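Engineer: Quick one: the structure is below, and I'll ask about it shortly.
Please treat every number below as a calculation from the coordinates, not as lab data. Just so it is clear, the model here is predicted, and its values are computed rather than measured. Cβ sites come from the backbone with ideal geometry, for glycine too, and all protein chains shown count toward neighbours.
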Amino acid sequence: MRTIYRLNLTTGEATKEEAPPRYVKLGGRALTAAVLLDEVDPAAHPLGPKNKIVIAPGLLGGTTVPNSGRLSVGGKSPLTGGIKESNAGGTAADRLARLGIKALIIEGQAPGKTYTARVTQEGVEFIPAPQLAGKGNYETAGLLRNRYGPRASLITVGPAGERGYAAAGIAVTDLEGRPSRMCGRGGLGAVLGKKGLKALVIEAPGAPLRSPARKDHFQETLQKYREIILANPATASYADYGTAAMVDVMNEIGGLPTRNFSRGRFAGAGRINAARLRENILSRGGAGKPTHPCMANCLVKCSNVYPDETGKELVSPLEYETIGLLGANLGIADLDAIAALNHRCNDLGIDTIETGGALGVAMEAGLAPFGDADAAFFLLDEIAGGTVLGRVLGQGAMVTGRVFGVTRVAAVKGQGLPAYDPRALKGVGVTYATSPQGADHTAGQTVRAKVDHRRPEGQADVSWNAQVNFAVFDALGLCMFVIPSLVAHPEVLADLVAYFHGWDFTAEDLRELGRQVIRTEREFNAQAGFTRAHNRLPEFFREEILPDTQTVFDVPEEELDSLEVR
Amino acid sequence: MKIYARFYLHLQKYAPAGKAAEEEIPLEIPGVITVAGFLRFLGISAGDTAVLVNGRSVEGDYVLAEGDRVAFLPLLEGG
């Protein structure tokens with residue numbers, strides 16, 4: 001798998017090249033970071049022609065390894081101004097890898113134009129698609145499926161990306177063709193949208209899975225890998241309850257963001273938790289599914305299909321971050337309303353985390369009352385309509401806070417916080433502060449760590465460990481929900497890589513790969529002008545006691561800075 | 001000694017019979033017991049369970065005290 005395609009929107013040409021040797025042992029987030037540092041001027045405007053979007057499957061993409069279908073999308077973020085990688089499941093990574101494609105590098109810009117790019121065994125071609133301009137993700141996906149068939153994998157941007165909203169994400173189609181697996185974070189949808197590339201269509205009929213270099217050893221290790229995942233009780237819990245199980249966990253911990261991060265427990269949590277979610281899905285029947293895979297060959301199946309009262313599909317999936325940010329954080333205790341808001345965000349192609357953060361700030365500013373789902377829909381209408389208010393909200397929580405003079409804005413490096421209050425879960429607070437990715441739970445989650453989450457001691461170490469581990473899984477293209485199973489077995493992962501590729505590759509090499517990802521990302525950010533001052537949480541987390549835990553974020557600044565030299 | 005327990009999601013099966021989901025259940029504990037001992041008493045596997053006492057994650061050697069609110073939850077991550 002050595003092919004890189006360069007898709008230039010300025011010239012309308014797509015060219016094929018072989019990956020240089022230094023990229024061979026990189027995949028996923030490791031590769032997107034390396035290409036961005038090599039090729040993108042860190043001072044480039046994120047929405048201008050000099051920025052690039054790099055799309056890469058992981059090192060184990062397109063193989064028989066379960067849960068290896070994560071797709072990394074990288075670029076300079078319009079939200080943070082720094083390097084960004086956002087990944088999603090779905091079908092695209094598997095298809096690209098089967099086609100032997102290591103990366104797609106999308107560059108240049110076609111102002112005012114709308115194109116799709118068709119990726120097949122024969123190569124890549126641009127196709128003018130003015131008829132798709134301004135269309136929502138679901139309609140876009142439907143039209144493309146009609147034209148290219150139900151098995152085509154799609155990567156699309158919605159109107160939020162076309163308008164250049166910094167909260168815009170990139171959608172990847174799932175196994176049934178829904179454009180609902182979101183590379184949500186960091187505004188990369190705006191980068192792609194402003195380039196004029198509305199969609200990528202990936203067709204790989206008959207393309208075989210990639211073959212391992214050392215088949216016997218690989219099969220043996222693969223068996224271990226499967227057994228480890230299936231033996232972990234967390235795997236079954238994800239299938240039963242999905243990520244929504246975290247509503248109860250975070251509410252008990254006292255770190256469930258509620259009413260714009262003013263509280264950590266939500267009185268309505270029992271109406272939006274996993275038990276209610278599962279009960280609604282099972283009792284309503286119809287299209288509902290309590291468990292559902294987002295990619296082929298998934299052992300976890302944390303996804304779901306959430307139906308309305310008549311059994312008709314409302315959205316798939318309905319997940320914890322969305323429930324946290326569009327639910328508790330807005331004071332909305334109604335799963336049906338949250339699901340409908342989620343669907344609307346998916347269609348617009350806008351990140352539910354950033355949108356929930358922005359709407360929470362808007363509600364605090366008095367634009368709408370907390371708990372009012374109709375008002376939340378009204379605000380999404382503004383975003384969809386491109387009104388001045390909608391454009392402000394579409395820039396995310398930070399810009400919304402500036403425009404309306406709100407001081408309680410939960411964002412780091414300009415990116416809104418996911419659904420873990422850092423005063424209650426301090427290890428994640430360290431990740432939010434120090435990750436080159438901005439506030440991002442997928443850059444180093446610590447909720448499972450054996451620490452007292454409310455104490456500052458040891459959190460820097462816990463966070464660093466998680467940041468490196470998550471970077472490893474992102475580079476391999478593995479889902480983060482196999483981390484709880486595999487984190488104690490790095491040698492199994494290293495062996496998988498070694499036997500598949502025929503490399504000498506140890507657990508230490510794996511860890512070094514993770515460290516290298518973070519160092520590369522830091523270097524890009526340093527060149528973009530980031531300093532220690534950017535590795536801090538907003539002031540209110542240190543000053544304002546979270547009533548439900550009676551804590552502030554008090555990990556010493558020296559400890560945050562100690563991560564710089566690791 | 002009285003403590004208050006909540007059993008979430010698949011851990012509900014360890015709650016006393018007849019108790020509704022997520023209900024806070026007062027339990028009378030005879031004598032001194034650690035969290036690890038309490039898990040053993042209930043038959044819950046420690047490896048896959050998050051135990052929060054008054055909202056804080058605790059080690060197995062934590063000794064339960066009068067009035068503690070103990071929550072049993074699956075050990076997961078969000079997404």
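Engineer: Output wanted: per-residue J couplings in Hz (rounded whole) for region A:179-187, from phi through Karplus 6.51 cos²θ - 1.76 cosθ + 1.60, θ = phi - 60°, x for Gly and Pro.
Structural biologist: With the stated coefficients, region A:179-187 comes to x, 10, 9, 9, 7, x, 8, x, x Hz.
Engineer: Filter the cross-link list A:Lys76/A:Lys301; A:Lys84/A:Lys198; A:Lys195/A:Lys289; A:Lys16/A:Lys84 down to pairs whose alpha-carbon distance in this structure exceeds 28 Å.
Structural biologist: Those over the limit are A:Lys76/A:Lys301; A:Lys195/A:Lys289.
Engineer: Still on this model: Which FRET efficiency, nearest 0.05, do B:Phe41 and A:Arg455 yield, Cβ-Cβ r, R0 30 Å?
Structural biologist: Using R0 = 30 Å, I get an efficiency of 0.60.
Engineer: Please find the FRET efficiency linking A:Val565 to A:Arg2, where r is the Cβ-Cβ separation and R0 is fixed at 41 Å, and quote it to the nearest 0.05.
Structural biologist: 0.75
Engineer: Let me ask you something else. Go through A:His217, A:Thr114, A:Val472 and say which Cα lies farthest out towards the positive end of the charge dipole of chain A; charges sit on Cβ, +1 for Lys and Arg, -1 for Asp and Glu.
Structural biologist: Farthest towards the positive end: A:Thr114.
Engineer: Considering only C-alpha atoms, what is the centroid distance from region A:117-169 to region A:200-255, in Å?
Structural biologist: Comparing the Cα centres of region A:117-169 and region A:200-255, I get a distance of 28 Å.
Engineer: How much length would be gained if the chain were fully extended between A:Thr407 and A:Asp334, taking 0.36 nm per residue of separation minus their Cα-Cα distance, in nm to one decimal?
Structural biologist: Going from the current span to full extension adds 23.5 nm.
Engineer: Can you run phi through the Karplus equation (6.51, -1.76, 1.60; θ = phi - 60°) for region A:58-66 and list ³J(HN,Hα) in whole Hz, with x for Gly and Pro?
Structural biologist: Per residue, the Karplus-derived 3J(HN,Hα) values read x, 4, 10, x, x, 10, 7, 6, x Hz.
Engineer: Charges at C-beta only: +1 for Lys and Arg, -1 for Asp and Glu. How large is the resulting dipole of region A:267-322 about its Cα centre, in Debye rounded to 20?
Structural biologist: 160
Engineer: So what is the orientation-averaged projected area of region A:282-415, using the convex hull of its C-alpha atoms, in nm²?
Structural biologist: Averaging across all directions leaves 8.9 nm² for the Cα convex hull.
Engineer: What are the ³J(HN,Hα) values, in whole Hz, obtained from phi via the Karplus relation 6.51 cos²θ - 1.76 cosθ + 1.60 with θ = phi - 60°, for each residue of region A:335-341 in sequence order, with x given for Gly and Pro?
Structural biologist: Karplus values, whole Hz, x for Gly and Pro: 4, 4, 5, 4, 4, 5, 4.
Engineer: What FRET efficiency do you get for A:Ala365 and A:Glu39 if R0 is 30 Å and r is their Cβ-Cβ distance, rounded to the nearest 0.05?
Structural biologist: 0.15
Engineer: State the extension gain, in nm to one decimal, for the chain segment bounded by A:Lys224 and A:Glu557, taking 0.36 nm per residue of separation less the distance between their alpha-carbons.
Structural biologist: 115.7 nm
Engineer: Under a point spin-label approximation (7 Å from Cα along Cα-to-Cβ), what is the B:Thr34-A:Glu13 distance to one decimal in nm?
Structural biologist: 7.0
Engineer: Quick one: which residues, 5 or more positions from B:Ala50 or on another chain, have an amide H under 5 Å from its amide H? H modelled 1.01 Å from N in the peptide plane, none for Pro or chain starts.
Structural biologist: Here the answer is B:Leu73, B:Leu75, since their amide H atoms fall under 5 Å of that of B:Ala50.
Engineer: So, in nm, how far is label A:Arg542 from label B:Asn54 when the simple model puts each one 7 Å beyond its Cα toward the Cβ?
Structural biologist: 2.8
Engineer: To continue, here is another question. 222 nm [θ] for the protein assembly as shown, helices only, -39500 (n - 2.57) per DSSP H run of 4+, per residue, to 500?
Structural biologist: -10500 deg cm²/dmol
Engineer: Label points 7 Å out from Cα along the Cβ direction at A:Gln121 and A:Thr64: separation in nm?
Structural biologist: The two pseudo-label positions are separated by 2.1 nm.
Engineer: Would you mind working out the magnitude of the charge dipole of region A:1-105 relative to its Cα centre, with +1 at each Lys and Arg C-beta and -1 at each Asp and Glu C-beta, to the nearest 20 Debye?
Structural biologist: So the magnitude is around 180 debye.
Engineer: For A:Asp374 and A:Lys312, calculate 0.36 nm times their separation in residues minus their Cα-Cα distance, and state this gained length in nm to one decimal.
Structural biologist: Length gained, A:Asp374 through A:Lys312: 20.2 nm.
Engineer: To check you understand DSSP bridge types, tell me what percent of the beta bridges within the protein assembly as shown (both residues inside) are antiparallel, rounded to 5.
Structural biologist: 75
Engineer: Based on Cβ point charges of +1 for Lys and Arg and -1 for Asp and Glu, what charge dipole magnitude is obtained for region A:296-434 about its Cα centre, in debye rounded to the nearest 20?
Structural biologist: Using Cβ point charges on Lys, Arg, Asp and Glu, region A:296-434 gives about 700 debye.
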